[in-house]
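**Student:** Take a look at this one; I'll ask things after.
The values are calculated or read from the model by the stated rules, or taken from the named source; none is laboratory data. Not measured: the values here are computed from a predicted model. Quick reminder, even Gly has a Cβ in these numbers, built from the backbone with ideal geometry, and neighbours come from all protein chains shown. Just so you know, the surface numbers come from the protein's heavy atoms only, side chains and all, with ligands and any DNA or RNA stripped out. Shrake-Rupley method; radii C 1.70, N 1.55, O 1.52, S 1.80 Å.
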Amino acid sequence: MTRRIALSVGDPNGIGPEIVLKSLDALRGEDRLRVTVFGPRAVLERAAQVTGLQELLSTIDLRPAGELPAAAAQPGQVNAEAGASAVASATAAIEACRRGEFDAVVAGPHHETAIALAGIPFSGYPSLLARVCGQPEDQVFLMLVGGGLRIVHVTLHESVATALARITPELVCAATLAGVRACRALGVAKPSVALFGINPHASEGGLFGHEDAERVFPAALRLRAQGVDVAGPQGADMLLADRKHDLYVAMLHDQGHIPVKLLAPQGASAVSIGADVLLASTGHGSAMDIAGTGTARPDALLRSLRLMGGLPTPSRHSRGGGNPELPPSSRHSREGGNPELPPSETPEGSTGSPPPRG
């Protein structure tokens, strides 16, 4: 079965156009994917010159989008025109996917400052996806996939104080259910889920606060009542050391980003979930410092394309075949896991009853 992917170039002044072409070059001969590129033609022509992929450019399916003035199309330059272009290209790809022309969207790396200079409200691709699909922004979430982990984030780009004020049992449930649906769409039929605690040790029975008892534990009860196989809340450190779940739910940005980027530096996929379109991007930025040099590696974008296409994504953490970014449940087995991680340890606290209130 051929999967149809709409691929936007991201910020035209960043490395996006170059890694788009390098990814397509790596996928030559792969008949299970049909990729259409959305972006400014002139920018891709420039990228083809610096990467030596002029012949490839003449063969790709290109839909011009996000055109910008030549004076604003300068590698490494952060400007409003480039920010608006990145949003326009991604929007065109999302809309085409909503019309049924594609099965998923993959978006190149954006630059948030450039988009802000364009005066466009933006808090990462999940916020854009929500607006284009006409859904509430707080119902579209980010899931990072890399290093054998899948971690969905309840909150994302905001201060810790703001994030804590927003975390409710309802929001935790919404993020978890979006993650479960995404796992099913990506081949994990019955994902096992673990909820990270907000506080260290999931509040250590009330010793470190009552947020987990009030906000996360009620969500766990509701999810179990809906048939979700869920553990927690427990300390994120112990859950990650055990590595026996298909999906983890992080309450805060750094809880999820640090482990994935530690295990898959420059190689993670960022998947926007919860909308009626599945969108993946890179776990890294637009690398303005090397844009236009032709030296950027396409690893993360290539992994995102393979992930959305259901293709194997080779990983240094994999011990066997299949897709190591989407392994089968490892509840009873560590086969295919990370050999550098320690054996399972007894988790702190219990998942069977709520943390006591001091």
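**Student:** List pairs: first in region 157-174 and in contact (Cβ under 8 Å) with a residue 24 or more places away in the chain, second crowded, with 16+ Cβ neighbours inside 10 Å and among the hydroxyl-bearing types (S, T, Y), Cβ under 7 Å, 6+ apart or cross-chain?
**Tutor:** A163/T155; R166/T155; I167/T155
**Student:** Does T59 fit the bill of being of a type in the set (V, I, T), over 30 Å from T168 (Cβ atoms) and not in a loop (DSSP other than H, G, I, E, B)?
**Tutor:** Here the answer is no, as T59 does not meet what is asked.
**Student:** Could you tell me whether region 208-226 includes any residue that is small (G, A, S), out of contact with any Gly (no Cβ under 8 Å at 6 or more places or on another chain), open to solvent by 10 Å² or more (accessible area, probe 1.4 Å) and at pLDDT 95 or above?
**Tutor:** Within region 208-226, one or more residues are small (G, A, S), out of contact with any Gly (no Cβ under 8 Å at 6 or more places or on another chain), open to solvent by 10 Å² or more (accessible area, probe 1.4 Å) and at pLDDT 95 or above.
**Student:** Which of the following residues is under 19 Å from P191 (Cβ atoms) and open to solvent by 20 Å² or more (accessible area, probe 1.4 Å): K244, K261?
**Tutor:** Only one candidate passes the filter, namely K244.
**Student:** Which one of these is in contact (Cβ under 8 Å) with a residue 12 or more places away in the chain, under 22 Å from H284 (Cα atoms) and surrounded by fewer than 20 Cβ atoms within 10 Å (Cβ to Cβ): I120, I60?
**Tutor:** After applying the criteria, what remains is I120.
**Student:** Okay, next question. When you check T91 against the structure, is it in contact with a helix residue (DSSP H, G or I) (Cβ under 6 Å, 6 or more places away or on another chain), of a type in the set (S, T, N, Q) and not in a loop (DSSP other than H, G, I, E, B), yes or no?
**Tutor:** Yes: the conditions hold for T91.
**Student:** Return yes when A194 is of a type in the set (G, A, S), open to solvent by less than 10 Å² (accessible area, probe 1.4 Å) and either assigned to a strand (DSSP E or B) or closer than 28 Å to S159 by Cβ (or both) and no when it is not.
**Tutor:** So A194 passes the test.
**Student:** Quick check: is even one residue across region 166-179 open to solvent by 10 Å² or more (accessible area, probe 1.4 Å), more than 14 Å from A194 (Cα to Cα), touching a Gly at 6+ places or on another chain (Cβ under 8 Å) and outside any loop (DSSP other than H, G, I, E, B)?
**Tutor:** Scanning region 166-179 turns up at least one residue that is open to solvent by 10 Å² or more (accessible area, probe 1.4 Å), more than 14 Å from A194 (Cα to Cα), touching a Gly at 6+ places or on another chain (Cβ under 8 Å) and outside any loop (DSSP other than H, G, I, E, B).
**Student:** Residues that are acidic (D, E), at least 2 per element: which helices (runs of 4 or more DSSP H) completely within region 235-313 meet that?
**Tutor:** Because the criterion is at least 2 residues that are acidic (D, E), the helices (runs of 4 or more DSSP H) in region 235-313 that meet it are 236-242.
**Student:** Let me ask another. Hey, does region 69-78 have a residue that's surrounded by fewer than 24 Cβ atoms within 10 Å (Cβ to Cβ), β-branched (V, I, T) and under 17 Å from S281 (Cα atoms)?
**Tutor:** First pass over region 69-78, keeping only residues surrounded by fewer than 24 Cβ atoms within 10 Å (Cβ to Cβ): 69-78.
Filter once more, so that each one left must be β-branched (V, I, T): 78.
Applying the additional criterion that residues be under 17 Å from S281 (Cα atoms) yields none.
Scanning region 69-78 turns up no residue that is surrounded by fewer than 24 Cβ atoms within 10 Å (Cβ to Cβ), β-branched (V, I, T) and under 17 Å from S281 (Cα atoms).
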